[in-house]
Amino acid sequence: MPALRRRDTTAWLRRVAATYGKRIGELAYIFCDDETILEVNRQYLQHDYYTDIITFDYTEDDVIGGDLFISLDTVRSNSEQLGVPYEQELHRVIVHGVLHLCGLNDKGPGEREQMEAAENRALALL
């Protein structure tokens, strides 16, 4: 399990959600390895590739909720490739999932850049 300061992380995510007019409801973080996230990706999304996070959205109105599957293997390899501390990359991945729950996307034209900018703004609040 990663060493996250739960209270600080929760307070931070609440601040991030509030900037989008949302409140945090039930969020589950499922930390796993690459093989587990690949299986989740195949079973539920019919995608045959590894990823750092899969977010299942259970948001109702302005209360965000969901299950965030996070591959710690991919977080570690991404942090090494990007030359950033592991904890920073883990926070980026966590907030990426929360931003999805707040309504941001990253698959359409220009959306990836908007998501990255939102991640950077959120990380600045940490």
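The values are calculated or read from the model by the stated rules, or taken from the named source; none is laboratory data. Here the structure is a predicted model, which is why all the values come from computation and not from measurement. Heads up, the Cβs are rebuilt from the backbone with ideal geometry, glycines too, and the neighbour counts pull from every protein chain shown.
Look at Val98 and say whether it is of a type in the set (Val, Ile, Thr), modelled with pLDDT of 95 or more, over 14 Å from Phe31 (Cα atoms) and surrounded by fewer than 20 Cβ atoms within 10 Å (Cβ to Cβ).
Here the answer is no, as Val98 does not meet what is asked.
State whether the residues of region 36-46 include one that is buried (at least 18 other Cβ atoms within 10 Å of the Cβ) and under 11 Å from the mean Cα position of the chain (by Cα).
Taking every residue of region 36-46 in turn, none turns out to be buried (at least 18 other Cβ atoms within 10 Å of the Cβ) and under 11 Å from the mean Cα position of the chain (by Cα).
Right, Glu26: surrounded by fewer than 16 Cβ atoms within 10 Å (Cβ to Cβ), at pLDDT 95 or above, among the charged types (D, E, K, R) and under 23 Å from Gly103 (Cβ atoms) or not?
It is true that Glu26 is surrounded by fewer than 16 Cβ atoms within 10 Å (Cβ to Cβ), at pLDDT 95 or above, among the charged types (D, E, K, R) and under 23 Å from Gly103 (Cβ atoms).
Any idea which residue in region 5-18 is surrounded by the most Cβ atoms within 10 Å (Cβ to Cβ), counting only those that are in a helix (DSSP H, G or I) and of a type outside the set (A, V, I, L, M)?
Checking each candidate, the answer is Trp12.
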